[in-house]
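The values are calculated or read from the model by the stated rules, or taken from the named source; none is laboratory data. Note that this is a predicted model, so its numbers are computed, not measured. Note that we place each Cβ from the backbone using ideal geometry, even for glycine, and neighbour counts take in every protein chain shown. Side chains are part of the model used for accessible areas, which takes the heavy atoms of the whole protein and leaves out ligands, DNA and RNA. Shrake-Rupley method; radii C 1.70, N 1.55, O 1.52, S 1.80 Å.
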Amino acid sequence: MPTRREFIRNASGAMAGIAFVGCDLLAARDAQAQASGAVRRREVVVSGRRVKTVDVHAHCAVPEAMALMGLKVEPQTLIMGQDRIRAMDEQGIDVEALSINPYWYKAERDLARALIRIQNEKLAGLCASQPQRFVAFATVALQYPDLAAEQLEEGVKRLGLRGGSIGANVAGEELSDPKFHPFWAKAEQLGCLIFIHPQGGTAGFEQRLRGSGGLGNVIGNPLDTTIALSHLIFEGTLDRFPGLKICAAHGGGYLPSYAARSDAGCVTFPDRCPKPLKKRPTEYLRQLYYDSIVFTPEALRHLVAEVGSGQIVMGTDYPFPWMKTSVDHILNTPGLSDAERAAMLGETASRLLGIKA
């Protein structure tokens, strides 16, 4: 097995034959365009100081890996190309932490192993070719927890990926199920960030979420995250693995918006909380991390009040146009100190992901 140094040296070769546009070409295009004055990279300044901004919620796809399951990339903007860096420059995003939403949780073991190997090596190759602009989360076949633990370790230690990305459920199974303990143990041992993104359509509300409004996404996705985090708390997973670093997409779903009911539930119905917890449920919220995709200044202010400003990192959900103004969302939310803005924009994420200033 090649070492990480050998892998990085051969990164350009690893990119061959994939639908990614090579980032060496992106860098050359970027430099040429900037020299001619055609492209200007927005620099974000807080209190007179340049801040490196980090987007923890940015999607991409590896067509070669998807082809193993007979799937095609949709939308095409998930394929890395020139438009990606152009959009980053326009929005003021210095670094994207790339993740891939799981589509392989029902794949059999050998297929899942092959798919994840291709995916993680392509992600690592992309990041190695443009290290100032991209880092990535390793993908893992979490339906096989022992394999997922191996893949996470290989991704972090050999490929230089900065953590792992997983769904909020695994083909309907909760992340708090004891079968997943080997994965959580490995994540805690590695000390790396685990990014949880909802799967949608698996929360048991498929029938009621049909119809107009895209409710399967608009309501279903944040609900999926809410359920996942609640189980991790109430089933004792966060007590069993107190060193876990978890970041939840979309501001943690609905949980921070109605957090105190979690505390009141066990007081009102103690028989429904048979597993004793080491802390009140709401206290666990302050050890998790959340992206900033909550849309309004008041929602961000409330999230800060519930979980603390130091637990919030910036997200865009690119290329999906949920939040094209993530930088300004943080800059323009009243009541935040300059230190809090700088932390949310990139300092906290840089620390969690090992991004150098």
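Is it the case that residue 80 is open to solvent by less than 10 Å² (accessible area, probe 1.4 Å), closer than 22 Å to residue 195 by Cα and at pLDDT below 95?
The answer is yes for residue 80.
Does residue 272 fit the bill of being more than 23 Å from residue 192 (Cβ to Cβ), out of contact with any strand residue (DSSP E or B) (no Cβ under 8 Å at 6 or more places or on another chain) and free of Cβ contacts under 8 Å to residues at least 40 places away in the same chain?
Judged against the criteria, residue 272 is a match.
Going by the structure shown, is residue 112 surrounded by 23 or more Cβ atoms within 10 Å (Cβ to Cβ), touching a Pro at 6+ places or on another chain (Cβ under 7 Å) and over 22 Å from residue 94 (Cα atoms)?
Numbers: surrounded by 23 or more Cβ atoms within 10 Å (Cβ to Cβ): yes; touching a Pro at 6+ places or on another chain (Cβ under 7 Å): no; over 22 Å from residue 94 (Cα atoms): yes.
Here the answer is no, as residue 112 does not meet what is asked.
Is it fair to say residue 147 is open to solvent by less than 10 Å² (accessible area, probe 1.4 Å) and out of contact with any Phe, Trp or Tyr (no Cβ under 8 Å at 6 or more places or on another chain)?
Here the answer is yes, as residue 147 does meet what is asked.
Report every pair of residues separated by at least 6 positions or lying on different chains whose Cβ atoms are under 6 Å apart, first residue within the stretch 146-175 and hydroxyl-bearing (Ser, Thr, Tyr), second surrounded by 19 or more Cβ atoms within 10 Å (Cβ to Cβ).
165/99; 165/137; 165/195
Filter the stretch 315-357 for residues that are within 20 Å of residue 43 (Cβ to Cβ) and among the charged types (D, E, K, R) and give the result.
Correct list: 324, 328, 338, 340, 341, 347, 356.
Search the stretch 52-75 for residues that are more than 20 Å from residue 137 (Cα to Cα) and pair each with any residue that is crowded, with 21+ Cβ neighbours inside 10 Å and among the aromatic types (Phe, Trp, Tyr) when their beta-carbon atoms are under 9 Å apart and the residues are at least 6 apart or on different chains.
68/104; 69/104
Of the residues that sit in the stretch 193-210 and are open to solvent by less than 10 Å² (accessible area, probe 1.4 Å) and free of Cβ contacts under 8 Å to residues at least 60 places away in the same chain, which one is farthest from residue 230 (Cα to Cα)?
Filtering the stretch 193-210 down to residues open to solvent by less than 10 Å² (accessible area, probe 1.4 Å) leaves 193-196, 198.
Still in the running and free of Cβ contacts under 8 Å to residues at least 60 places away in the same chain: 194, 196, 198.
Working: 194: 16, 196: 13, 198: 14 Å.
Among those residues, the one meeting the criterion is 194.
What number of residues within the stretch 275-327 are among the β-branched types (Val, Ile, Thr), closer than 17 Å to residue 194 by Cα and out of contact with any strand residue (DSSP E or B) (no Cβ under 7 Å at 6 or more places or on another chain)?
Of the residues in that region, 0 qualify.
Considering only residues that are touching a residue at least 40 places away in the same chain (Cβ under 8 Å), open to solvent by less than 30 Å² (accessible area, probe 1.4 Å) and part of a helix (DSSP H, G or I), which ones fall in the stretch 342-357?
Within the stretch 342-357, 342, 344, 345, 346, 348, 349, 350, 352, 353 meet the criteria.
Would you tally the residues in the stretch 317-341 being basic (Lys, Arg) and either at pLDDT 95 or above or buried (at least 19 other Cβ atoms within 10 Å of the Cβ) (or both)?
So the answer is 1.
Which of the residues that make up the stretch 285-303 are open to solvent by less than 50 Å² (accessible area, probe 1.4 Å), within 19 Å of the chain's Cα centre (by Cα) and of a type outside the set (Asp, Glu)?
At the first step, the residues of the stretch 285-303 found to be open to solvent by less than 50 Å² (accessible area, probe 1.4 Å) are 285, 287-294, 299-300, 303.
Applying the additional criterion that residues be within 19 Å of the chain's Cα centre (by Cα) yields 285, 287-294, 300, 303.
Those that are open to solvent by less than 50 Å² (accessible area, probe 1.4 Å), within 19 Å of the chain's Cα centre (by Cα) and of a type outside the set (Asp, Glu): 285, 287, 288, 289, 290, 292, 293, 294, 300, 303.
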